[in-house]
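The values are calculated or read from the model by the stated rules, or taken from the named source; none is laboratory data. Keep in mind it's a predicted model, so treat the numbers as computed, not measured. Reconstructed Cβ throughout: ideal geometry from the backbone, glycine too, with neighbour counts over all protein chains shown. Side chains included, ligands, DNA and RNA excluded: accessible areas come from the protein's heavy atoms. Shrake-Rupley method; radii C 1.70, N 1.55, O 1.52, S 1.80 Å.
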Amino acid sequence: MALAGLTLALMSSAGAFAQDAQTGGTLRVLGTAEVDRFDTVPPATADTGSFFRATTRQLINFAASTDPDEQIAPQADLADSVPVPTDEGLTYTFKLRQGANWDAPDGARQIVAGDVERGFMRLCNPFIPAPAVSYFEDLIVGFADFCAGFAGVEPTAEAMKAYIEAGAVAGIETPSDDTVIFRLKYAANDFIYLLTLPVTTPAPVEVLDYLPDSPEYRENYISNGPYTIEAYVPDTQVTLTRNPAWQAESDPLRKAYVDKIEVIAGVQPDAAMQQLQSGDGDMLYDINVPPVTVQMLTMQGDDKISTLAEGSSRMIWINTVSENNDGALRNPLVRQALNYAVNKAAIVQQLGGPEFATPLNGIFPLGILGHHDFAPYPTPDNQGDVAKARELLAEAGYPDGLSLKMPFRNAGNGAAEAQVLQASLEEAGFKIELVPTPPSDFYPRLITNFDNALNGVWDLVPSGWSPDWPGGAARSIFQPQYSYDGTHGTFNFSDYNNDAANEVAAKALATSDLAEAAKLWNEVDEIVMADPPTVPLISQTTVLYHGAGVQNFLPYAAGGNGDWTNVWLSR
Amino acid sequence: MNPEIKQRGSLELTLRRLLSDRAGLVSMVFIIALVVAAVGADGIAALTGHSATAQFLATGLTPTGLPVPPSGEFLFGTDQLGRDVLVRLAHGARISLAIGVVASLLAAIIGVTVGLVAGYFGGWIDVVLGRLMDLVMSIPVLLCMLSLVAVFGPSMTLSLIVIVFFSWTTMGRVIRGQVLSLREREFVLASRSMGAGHLSIMFTDILPNLGAPIIIYTTMMVPTSIIFEATLSFLGLGIVPPAPSWGGMLAEAANNSIYMFAWWLVLFPGLALLFTTLSFNILGDALRDALDPASMRNKVQKKKKQSAGAAS
């Protein structure tokens, strides 16, 4: 019944299109934390994607849409069309769109090919490099060399400017002002997706005078999107206003109906939801709609709820490098027993039912090219198979079970999830010691610190992952988490590596046939799960909500929320 | 006719005064009921067939994971994981009472010892112990607790230690003041002149005279300790889940705005906490009145004056 109600709600939210678009007004966006970055280069939270959507443009981007397929289809933004690679997938030639301008200090100025190359060069600046830089070092000819040289440069604005102005990336050619050519080391079918990342935003020549995202950079912000920064009060509010240099006809993806956008920080989730319902606020910034609130709104017949599959997943990481229990977790049988034991249906129920989460049995969640429905460790209705788990545990030589330490992130749903997991694992003979960990410590100090894994501070950790971009993002799930090249990766918590999987993954990245790529990624998934380093739990769906005054609320997949640049207000 | 005059002992008098205080009596009954519930928590679990940590995914939760309201099967409803609130409340009473009583007793022992030594010896010992109490009182409690938990990880023992550490000082101060006046009294002088040692004087002459304040302040410390434990658990720094504690239950109700839907998750643990602390406070008051009739007369007179003032 509730399910039918929600479906109805989703359908009726599409009914808003009937109204005519209105220009003007101020969009009020509420968040707990402030917009953390103005510059696209340094590491930023995923929520910042919505801000970058309004103030920056990239060669390729996504359309805001309610259609799940359209949400993740690459579209031309600064490029005038999505190019087909030539030279057996090694060369990408982009023509730049005319009329796309910088809001430069001396007036509007056309974005040129040199700006695109400069944007890439800033990625590996020694002051504060971009997190995605390794993808491009791996792919673009000569980029790794450029970055290696950059690493030795003094991290001052002058030295970095000199290096960028003198240097060149062999694989990024700019034969004319309106043409950029990328040359790749190997064919990669997700290169187009990589170009949607905000880090690939071109850079105007002026920004080289400032350190990335420094107060001076923010003071002299140069936008190329429909909005620019009007005012900024730290930890309180960012106000965006129209960018005079932006031309509507040069931008197929952003309509820019509202005149101003206020991003207000310091609002607690409860208060934000109340403000949205009363009309004092319009949209949410970094606030997840609490599942209980969603269900109450659904019961009240509220039609402003929608969902977005971003390729987020939850899983339990298994520590295979510690000496706890004499290295019992290194035994694949024990890890398979864990996979049989967990009641995934209970996690789904805890999160609000099938509208919000789907049980996951592999490493690639729903919405990712490479996801397929398979069950290497099938259990009835995904509720866990206690008998099978106990059997495997006994076969592995632990008929009396195992004692395992499981720290959890003590915020939001963390405690509930951990206790649900504990209940099903204990039924199967595992003794689970829960360790509540403050959210500020969980990822930065506990999990990403490899010493803690080696020293057996944890045996299992419930964890989550969202790929860096939506859609063809299998690389962004597999490489950081499930491959190990000798240097410890931050998010591969126990140095998992599988040469067979790596080999198939390389093939999956190179093929130009997406259907074949999907099949190869499926194979990767099966190889990894045969020797499981994790217990996949669920694919997660983001729930979106907005105020009554917001019309044309279209999800923008890369921002994980409604698109600020396509909504209009009718109060 | 003269009414028959009976000789009553001090204990009997105290009990009579205590029993004639209706509020005190009610709170005592509540506390006894609570102790019974805590001791019989396993019995309640057996009666309902629900253990404190069992998650009833099918009957205790809706298909979309919402807790179910109070009903025949779950008298106080279920929590966000489908566990029986009634059973968890009873098990939570164990932890609250255990921590409340044990922490108060330990704090009382430390407070009495320090107060006794400081007051009796005076001089530099008093100065040192007095400053020590000042020091402990000046430490920001929550901040200190947060850092301790960050280092050692949350546990029941740590909660107990922290509560004791921060609550003995009040007792210490009161006892010290009392001892300062008691040690100048004639019976102490008499003992001393008969050659009694310091320890003997402290324990056989002074300590028995401190009975009333010790009983009263220890009782009063129980609710403070219970609230303290609830605060720690509410902040996720106390009892480790899935063990139930009242503060933890309230924290879980506040999490993710679930209280907006499930009022029973706030109401029952909230009422339990409220009535328990209220009962111990009222009992402490009643004990003071009973043990020290002089203060009760003052109170009655004051009350009369106040009501007269209000009427005019």
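Couple of notes before you dig in:
- Unpartnered cysteines - no second Cys beta carbon under 4.7 Å - across the protein assembly as shown: B:C144
- The C-alpha radius of gyration of the stretch A:470-534, expressed as a fraction of 2.2 N^0.38 Å, stands at 1.07.
- For the stretch B:71-226, carbon and sulfur atoms together expose 73% of the accessible surface, with a 1.4 angstrom probe and every protein chain in place.
- Value of Rg to Rh for the stretch A:218-377, rounded to two decimals, is 1.10; Kirkwood radius and Rg both from alpha-carbon coordinates.
- Solvent-accessible surface of the stretch B:89-217, averaged per residue with a 1.4 angstrom probe and all protein chains in place: 49 square angstrom.
- Working note: 222 nm ellipticity from helices only, DSSP H runs with n ≥ 4, each -39,500 (n - 2.57), summed and divided by the residues of chain A, gives -8500 deg cm²/dmol to the nearest 500.
- Helix axis angle, B:22-39 relative to chain B longest principal axis, alpha carbon, degrees: 50
- The stretch A:138-192 gives an Rg/Rh value of 1.04, both radii derived from C-alpha positions and Rh following Kirkwood.
- 1.4 Å probe, heavy atoms, protein only - residues of the stretch B:218-251 losing at least 50 Å² accessible area vs chain alone: B:P241
- Between helix A:514-530 and chain A: long-axis angle, C-alpha atoms, 0 to 90°, nearest 10: 40
- Dimensionless Rg/Rh of the stretch B:132-188 - Kirkwood Rh, Rg from C-alpha atoms: 1.21
- The relative contact order of the stretch B:25-86, computed from alpha carbon pairs under 8 Å that lie at least 6 residues apart in sequence, is 25 percent.
- Cα-based values for the stretch A:140-275, radius of gyration first and Dmax second, are 19.0, 54 Å.
- Span from the the stretch A:346-406 Cα centroid across to the the stretch A:213-246 one, whole angstrom: 46
- Per residue, the solvent-accessible area of the stretch A:383-472 (1.4 Å probe, heavy atoms of protein chains only, all protein chains present) comes to 39 Å².
- Size-normalised alpha-carbon gyration radius of chain B, reference 2.2 N^0.38 Å: 1.22
- Tensor-based shape of the stretch B:1-145 (alpha-carbon gyration tensor, a/c under 1.5 rounded, otherwise prolate or oblate): oblate
- For the stretch A:59-118: rounded, prolate or oblate by the Cα gyration tensor [a/c cutoff 1.5]: oblate
- Amide H within-cut-off set for A:N410, under 5 Å, with H built and near neighbours excluded: A:T437
- Stokes-Einstein translational diffusion, the protein assembly as shown - Kirkwood Rh over all Cα pairs, 1.002 mPa s, 20 °C, in µm²/s: 68
- Shielding of A:264-275 by partner chains, average beta-carbon count, 10 Å: 1
- Charge tally around A:A46: other residues with Cβ under 10 Å, Lys/Arg +1 each, Asp/Glu -1 each, net -4.
- Taken about its Cα centre, the stretch A:192-298 carries a charge dipole of roughly 340 debye when the Cβ of each Lys and Arg holds +1 and the Cβ of each Asp and Glu holds -1.
- Interface B:A - total buried accessible surface [probe 1.4 Å, Å², rounded to 100]: 2100
- On a per residue basis, the convex hull of the C-alpha atoms belonging to the stretch A:511-571 measures out at 130 Å³.
- Relative contact order, percent, chain A [alpha-carbon distance under 8 Å, six or more residues apart]: 22
- Per residue accessible area of the stretch A:125-238, 1.4 Å probe, in Å²: 40
- Relative contact order (%) - criterion: Cα under 8 Å, at least six apart; region: chain B: 24
- Distance between the stretch A:54-82 and the stretch B:51-121 - C-alpha centres, whole angstrom: 53
- Inter-centroid distance (Cα atoms) of the stretch A:130-197 relative to the stretch B:131-202, Å: 68
- Counting every C-alpha pair in the stretch A:15-120, the share spaced more than 22 angstrom apart comes to 51%.
- Average projected area [Cα convex hull, the stretch A:42-177], square nanometres: 9.9
- Accessible area of chain A belonging to carbon and sulfur atoms, whole % at 1.4 Å probe: 52
- Computed helical MRE - 222 nm, chain B, DSSP H runs ≥ 4 contributing -39500 (n - 2.57), nearest 500: -23500 deg cm²/dmol
- Shielding by other protein chains, B:57-70, mean Cβ within 10 Å: 5
- Peptide A:414-423 shows a mean partner chain C-beta count of 5 within 10 Å per residue C-beta.
- Listed residue pairs exceeding 29 Å between alpha carbons, taken from A:K95/A:K185; A:K185/A:K519; A:K304/A:K519; A:K388/A:K507; A:K95/A:K519; A:K161/A:K507: A:K304/A:K519; A:K388/A:K507; A:K95/A:K519; A:K161/A:K507
- Comparing mean-square fluctuations of B:T231, B:T48, B:T218 from a GNM of chain B with C-alpha springs under 10 Å, the top value falls on B:T48.
- Most simply put, the protein assembly as shown has about 75% antiparallel DSSP beta bridges, counting only bridges with both residues inside it.
- At least 50 Å² of accessible area lost relative to the chain alone, listed for the stretch A:289-338 with a 1.4 Å probe: A:V292, A:Q295, A:M296
- A simple packing score, the average count of other Cβ atoms within 10 Å per residue, orders the peptides B:80-91, A:135-146 as B:80-91, A:135-146, with the highest score first.
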